[in-house]
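The values are calculated or read from the model by the stated rules, or taken from the named source; none is laboratory data. Predicted model, so just to flag it, every value in this text is computed and none were measured. No Cβ is skipped: glycine too gets one built from the backbone with ideal geometry, and neighbour counts run over all protein chains shown.
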Amino acid sequence: MPILVKKKINKHAKQAHKFKYVLRLYIVGETPNSITALNNLKKICKEYLDHQYIIETIDLLKFPNLAKHDQILAVPTLIKELPKPIRKIIGDLSNTEQVLVGLDLKNIKCKA
């Protein structure tokens, strides 16, 4: 099964050149924090990134071995792969201002 996830990640990596922002969210099941983090991330992306992003969600209950790749110590954790530099944001992403700073979006105006 991890091979399928690796193929999916590789498929996304091949498509990443189409997107300005490549984001990877590590979660653990459908816990309240995981659901909140994913919903908050989707909302921020929709408001600030104008379809220039791809979100990869990795459930560590299903694929715990993938945590080692990005050195995940706590969940939920968001990894901004692109644009460089790589950044990590830990938590449910409810502090929008902090997430915008972490994604280096603090100077981008909201579309909504």
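Checking every residue in region 54-67 against the condition of being part of a helix (DSSP H, G or I) and of a type in the set (Phe, Trp, Tyr) gives zero matches.
Filtering region 18-47 to residues that are within 17 Å of residue 81 (Cβ to Cβ) and out of contact with any strand residue (DSSP E or B) (no Cβ under 9 Å at 6 or more places or on another chain) leaves only 44. If you check residue 100 against the conditions, is it modelled with pLDDT under 95, farther than 17 Å from residue 35 by Cα, assigned to a helix (DSSP H, G or I) and in contact with a helix residue (DSSP H, G or I) (Cβ under 9 Å, 6 or more places away or on another chain)? No. Anything in region 45-71 that is among the aliphatic types (A, V, I, L, M), buried (at least 18 other Cβ atoms within 10 Å of the Cβ) and within 11 Å of the chain's Cα centre (by Cα)? List them, or say none. Residues satisfying the conditions are 54, 58. Total residues in region 71-91 satisfying the condition of being under 18 Å from residue 29 (Cα atoms) and assigned to a loop (DSSP other than H, G, I, E, B): the figure is 6.
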